[in-house]
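Novice: Starting off with a structure, shown below.
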Amino acid sequence: MPSRLPALLAQCRLDEPEVDIRLFEVPLSQQIRGLTDDLYDVGFAQSDEVGDGILAEPVWHDPLMVAVPARHPILSYKRIPLDEVLRYPLVMCDPMVCEGHARQVARVLRAVDAEPLVAEQVTSLDLMMALVSAGFALGLAGASQIAASRECGVVARPLSGRSPILTTYLLCLNGEPSQTLSRFIERVGAIELARESTPPAALKPDIPEEIEL
């Protein structure tokens, strides 16, 4: 998930400190069941394939970037061709755990008539960045996710051409939300608007990355 979540939670605590927010990290299928069974009020996912009765609203957008180990030969490219990426081993998100992310990345990879060389499947972006930093493989993740990883020795480079976009969706039951939930949803949108209005220089991370959006 993009790094907007900490800003969102901080704003919620500031605006409504009396509202208790509990977080659960679960696969997409379990999240859908939880929403349907009224276990969860709202969810975030990188897939809009959620079935009937649930709304999937696109709320956050993040350019898909290549996470590259420092000193890797592919860094000769300022913008990396996708077919060049597929010449090297990749560390990918486990499609059973990171279902939405895996689907969006798979759609991008299908643009090239070549099978990816999957060196490892991981259940978290932190582990992906650790393996990239260690030089095991390249990774594919959102720009803000790479920036938030804080791993040394990882350089983020855009793909050549128009950068693919990873989309995060807000999931909730199809119906009239409570006033508390409505205010939460408004804050979700406000986080993205605030990011879009921030000058690019202010968004630059202080780790060795080269993000060209």
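Novice: Using packing as a proxy for protection, rank 118-129, 181-192 so that the peptide with the highest average count of other Cβ atoms within 10 Å comes first. Walk me through the numbers on the way to the answer.
Specialist: Values: 118-129: 17.2, 181-192: 15.4.
By packing density, highest mean first, the sequence is 118-129, 181-192.
Novice: Using amide H atoms built in the peptide plane, which far-off residues or other-chain residues are under 5 Å from residue 66 H to H?
Specialist: Hits under the 5 Å cutoff: 157, 159.
Novice: Order of 153-161, 51-59 by packing, highest average Cβ count within 10 Å first? Could the numbers behind the result be given before it?
Specialist: On the way: 153-161: 20.0, 51-59: 13.6.
The packing order, highest mean first, is 153-161, 51-59.
Novice: Next up: Relative contact order of the chain, please, whole-number percent, based on alpha carbon pairs below 8 angstrom and at least 6 residues apart. If you can, show how the numbers build up before the last one.
Specialist: Numbers: 348 pairs, mean separation 70.5, N = 213.
Once normalised by length, the contact order is 33 percent.
Novice: Now, a different point. Please flag any cysteine in the chain that has no other cysteine's Cβ under 4.7 angstrom from its own Cβ.
Specialist: Cysteines lacking a close Cβ partner in the chain: 12, 152, 172.
Novice: Next question. From the C-alpha coordinates alone, can you work out the Kirkwood hydrodynamic radius of the chain, in Å? Show your work: numbers first, answer last.
Specialist: Values: mean 1/r = 0.0549 Å⁻¹.
One decimal place: 18.2 Å for the Kirkwood radius.
Novice: Here is a follow-up. Which length gain, in nm to one decimal place, applies between residue 49 and residue 126 when the Cα-Cα distance is subtracted from 0.36 nm times their residue separation?
Specialist: Values: separation 77, 0.36 × 77 = 27.72 nm, distance 2.54 nm.
Roughly 25.2 nm would be gained on extension.
Novice: Still on this structure: Mind checking the full-extension length gain between residue 42 and residue 185? Use 0.36 nm per residue of separation minus the Cα-Cα distance, one decimal, nm. If you can, show how the numbers build up before the last one.
Specialist: On the way: separation 143, 0.36 × 143 = 51.48 nm, distance 0.89 nm.
Full extension of this stretch gives 50.6 nm more.
Novice: Something else now. Report the relative contact order of the range 63-158, percent, no decimals, based on alpha-carbon pairs under 8 angstrom and at least 6 residues apart.
Specialist: Details: 165 pairs, mean separation 46.3, N = 96.
Dividing the mean separation by the residue count of the range 63-158 yields 48 percent.
Novice: Something else now. Any idea how far apart residue 7 and residue 119 come out in nm if each label point goes 7 Å out from Cα toward Cβ?
Specialist: It works out to 3.2 nm between the two label points.
Novice: Counting other C-beta atoms within 10 Å, which of 36, 168 has the fewest, and how do the rest follow?
Specialist: Numbers: 36 15, 168 24.
Starting with the residue having the fewest Cβ neighbours, the order is 36, 168.
Novice: Quick one: net charge around residue 93, please, counting Lys, Arg +1 and Asp, Glu -1 for every other residue with C-beta under 13 Å from its C-beta. Mind dumping the intermediate values first?
Specialist: On the way: positive: 103; negative: 94, 99, 120, 126.
Overall, the nearby charge balance is -3.
Novice: Run the numbers on the range 121-194 and let me know its relative contact order in percent, using alpha-carbon pairs under 8 Å that are six or more apart.
Specialist: On the way: 25 pairs, mean separation 16.9, N = 74.
Relative contact order, the range 121-194: 23 percent.
Novice: Sticking with this structure for a sec: So for each of 130-137, 15-22, 70-77 I average, over its residues, the number of other beta carbons within 10 Å; can you give me the resulting order with the highest mean first? Write out the running numbers ahead of the final one.
Specialist: Values: 130-137: 18.5, 15-22: 9.5, 70-77: 13.0.
Going by the mean number of other Cβ atoms within 10 Å, highest first, we get 130-137, 70-77, 15-22.
Rule-based calculations on the coordinates, nothing more; no lab input. Please read all numbers here as calculations on a predicted model, not as lab measurements. Every residue, glycine as well, gets a Cβ built from its backbone with ideal geometry; the counts of neighbours run over all protein chains shown.
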